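These notes are about the structure you will find just below.
The values are calculated or read from the model by the stated rules, or taken from the named source; none is laboratory data. It should be emphasised that the depicted structure is a prediction, and the values quoted were computed from it without experimental measurement. Counting neighbours? That spans all protein chains shown, and the Cβs are built from the backbone with ideal geometry, glycine included. Accessible surface is based on the protein model in full, side chains and every heavy atom, while ligands, DNA and RNA are left aside. Shrake-Rupley method; radii C 1.70, N 1.55, O 1.52, S 1.80 Å.
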Amino acid sequence: MSHCNYRKMKISAIHISFVLLLTLSIVSCGNEEDFIPDSSFIKIYNDEFFESSYIPMDIVQAGNTGYFILSAYDAWNTYILRVDEDGEYMWDYKLEDNYVNPIKGLYYKDSAFYFFCMDDLSLAATLMKVTDQSKTAQVERTYGNIIYPLHSSAVDDGFLLESYNRESYSTRLTKLNNDFGIVWEEEYEVEQDVEESIISHLTRIGNRLPFFSGQAGNKYFLNGYYNYSMSMLFVNASDGTQTGVINGFRDKSAISSAKYLDGNSYALSRFDFGENFIIPKIDLNTSGTGISSDLEGNEHPEMMPNAFVYSQIIDVNGREITMYATSTKGGQILLYAYDAINGTLVGTHHLGRLNPYEAIDFVATNDGGLAVLGNTFVNGRFSRITLIKLSEKELIEFAN
Amino acid sequence: MKKTALVGVMILAFLWPSPSLAQGNQNKRKPKTVTGNSDINQWWIGVRGGINFSNATVQKSYSIYSYVQDATIGDNEKKYNSFTLPGLHFGFSVSYEFIRGLSINVLPSYTSYRFAYDNSFRWYDSEAQSKRVTTNYTIETRLQYIDLPLTIKYELSRSSFKPYIQAGGYYSLLTDAIKKVNITGIDQASGSDSEINVTELSVGIEDRTKKGNYGIIGGVGFTYNMGNARVGFEINYRYGLQNLDHGEMKYVDNQLVTGAYDVPDDYSLNNLELSMQVIIPLKFITSKDYVPL
C-alpha cells in the first residue's frame, strides 16, 4: 500500500470515527423526560397574612379534575379549598363564622362534595354540600339531636357519624343511609363528663384525640370515649349494639388508627404514654374485652409522642399495601408501607425538609400515585396546607 | 427534531470537505505555501481557555407556592441575573484547514457555567402592612460540562493577523451540578428590624439536570502568527436549544423543594465566552515542501 493511500485511509478513518463518536454522543444521551404536571408535584397553599392559620382535615380526589380539601381555619372555623389536577389553586371559600369544627369525612358524590361541621351556637351537626358551580358551601341538612360531631366515615350502604352527647355523657354513633338520612342511633356510656377534653380537641387548644370509625365485615368499629377512656368499640352493623371493646387508659393510651383487613385481622397503630406502636396485622376478638396496651407491636421511637396516624389499604402496582402516614419528631411526614397480606414492612418514605411538616391524610390517585395532605409551618411559623403528589414510579420505589 | 437536524448538519459539514471522498486528487501534488495554492490540507492543534458568562432563558416558570384568594403575587417571582457570574473553561483546539482560510474546528473543553436568581416572599399583618416578615432567597446554579463544539471557521485575511468568523453547533455532557442557596430574612413584626433564619445550603442537582445539552454557536476572533505558532482571541455566543431541567425529578422532595421552597423552572442556557488560544500546525503535511506559516 502506497504512503499516499495509507494517509488517505487514515484521514478517512479519523473523519468517520469522529462523526460516529459525535453522533453516538448526541443520540445516546439526553433522553430524560420533560415534566408531566399532574404526575408529581408539591404545593403549599400560601396566604400572605401572617395571622392566618390553616389546619387541613381531609382530602378527596374529584375524578380527573383535581382535589377538594377540607380544612380548619384560625382554630376551628371551616375552610374549603379546590385545586386542579396539577395542584394549582382553583377557588376557595371560608364558611360563615357560625359553622365551625369541620370533621374528618369528605365525600365526592354526583359531582358534589359533602362534609360535616357544627353550628357554634346549637352545637348541632350540619351536613354541607359544595359544588364547583356554586363555589360555596350550602347547608344540606341539620341534625339537631346530634351535637359535638367528632368523625364520619363511609361504609358499604351509607355513612357513620360519631359524636358526643354532653347530656348523657355518652359517645353516640349514628348510621346514615346513602342520602344522609338517619337509619339508627346508639350510645355508649363514658361514665364521666369529658366535654372539656372534647372542646380542647375541637378548638385545637389541647390534645388532638384519635376519633375514627369504619366497617369490618358485618360489624362497625369506632374509637372514642367509653368507660372513662379512649377505647375501640365493635358494634353490630344492623343496629349498633355493642359486641366488644379494646379499652385504652384515659387519653394516655389508646388505639390511634385501625383498618379492617379480613376475617378477624386488622391493621392497627396505638400509643402508650408517649410511645408509638405499629401493628400491621393482628387478630382481634371483636366479641370480647381487651386492653390496647396488651397488643404487641413494633415500637417506633421516631414518631411524635402519641402521634396522629392515618392508615389505608391501597393497591400499589397490583400489591395490597397497608399505608400508614404519621409525623416524626424531626418534623417530617413519614409513610410506612406494609404488605397487607403478611404484615411485613415493604418500605418507608420521608417527606419534608428543614421546615416542619405533619401528616394529615392521603389518597390513592387515579394514575396509580399517592396524594399526601399535610400541614406545614412555612418559615417555621405560618401554618399552611401542603399537598404532595407522588407519581406512580415514586410510590412503587418504596411501596412495592 | 432539533437534535436530528443538528446531527445532520454536523455530519454534512464534517464529511463534505473530506479528502478521502474527493475525486481526482490522487496524482496532484503541488508545493503548499502560505500565500500560494488554495488546495491546502493542514491540521492545527492547540490549547484554549478563558471565562464565560451565562444566562438562563426561562421556558416555563414553576413555584411550590399556590396562592389562595386575597394573596398578591407581586414580588414572589424569580428574578434571573443575566451574564453576571463568571465561569471558567479550558480545553483543546483541533482544526482541519481544508481550503485556505476555511477550516473545521473541534473545541473540546471542560466548562463551568454559573447563573443565579433571586426570590423573596413576605407575610404581613393585614391591618398594619408595615409589620411584616420577609424571606429572601439567592440561588446560584453551577453546571460542569464536557463540551464538544464543532464549528466552521472562515478567515477574513491572508496576512499574519487573521480575523475570522465561525459558526456551528455544540453538544455537552454533564459531569456535575450543584445549587447554592443563601436564605436571609427580616422580621419587622417583633418590635424592630431583625435578621432571621440565615441559612446556606449546597445541594447536588446532577440527578435533576439533563445529562446532555446542545445548541448552536457563533463567534468572532483573530489569530496572529508568532514564530511557529498562532495566538488568538475569540468571543463566542452559545444559544442553548435544550430544556436542562430533568422534568421527572422537578418535584421529587429534597432540601431545595420543601426546605428552601425552590422548584426549578424549565430553562435553556445561553453563554458568552471569551477565550485565548495558542495553536500550532500538526506536521501532518501533504508535501515535503510545505511551509506551515
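When you scan region B:54-77, do you find a residue that is modelled with pLDDT under 95, away from chain A (no Cβ under 14 Å) and farther than 30 Å from A:Tyr79 by Cβ, even just one? Checking region B:54-77: not a single residue is modelled with pLDDT under 95, away from chain A (no Cβ under 14 Å) and farther than 30 Å from A:Tyr79 by Cβ. Evaluation of A:Arg381 against the conditions (1) open to solvent by 20 Å² or more (accessible area, probe 1.4 Å); (2) within 27 Å of A:Leu106 (Cα to Cα); (3) modelled with pLDDT under 95 shows that the sole unmet condition is (2). Among the conditions (1) within 20 Å of the chain's Cα centre (by Cα); (2) surrounded by fewer than 23 Cβ atoms within 10 Å (Cβ to Cβ); (3) within 14 Å of chain B (Cβ to nearest Cβ), the only one that A:Lys281 does not satisfy is (3).
Restricted to strands (runs of 3 or more DSSP E) entirely inside region A:107-211, those with at least 1 residues that are closer than 21 Å to A:Asp239 by Cβ are A:124-130, A:137-147, A:149-155, A:158-165, A:170-176, A:182-189.
Does at least one position in region B:196-217 carry a residue that is open to solvent by 30 Å² or more (accessible area, probe 1.4 Å), closer than 30 Å to B:Glu97 by Cβ and touching a Gly at 6+ places or on another chain (Cβ under 8 Å)? The answer is yes, given that some residue of region B:196-217 is open to solvent by 30 Å² or more (accessible area, probe 1.4 Å), closer than 30 Å to B:Glu97 by Cβ and touching a Gly at 6+ places or on another chain (Cβ under 8 Å).
When restricted to residues that are free of Cβ contacts under 8 Å to residues at least 40 places away in the same chain, part of a loop (DSSP other than H, G, I, E, B) and touching a Lys or Arg at 6+ places or on another chain (Cβ under 7 Å), region A:267-296 contains 1.
Counting the residues of region B:154-166 that are surrounded by 15 or more Cβ atoms within 10 Å (Cβ to Cβ) and aliphatic (A, V, I, L, M) gives 1. Of all the residues in region A:325-363, those that are hydrophobic (A, V, I, L, M, F, W, C) and more than 22 Å from A:Phe68 (Cα to Cα) number 7.
Note on region B:233-270: residues that are surrounded by fewer than 21 Cβ atoms within 10 Å (Cβ to Cβ) and assigned to a strand (DSSP E or B) total 7.
Give, as residue ranges, the strands (runs of 3 or more DSSP E) completely inside region A:36-100 that count at least 1 residues that are within 13 Å of A:Val372 (Cα to Cα) and facing chain B (nearest Cβ under 8 Å).
Fully inside region A:36-100 and qualifying: A:41-46.
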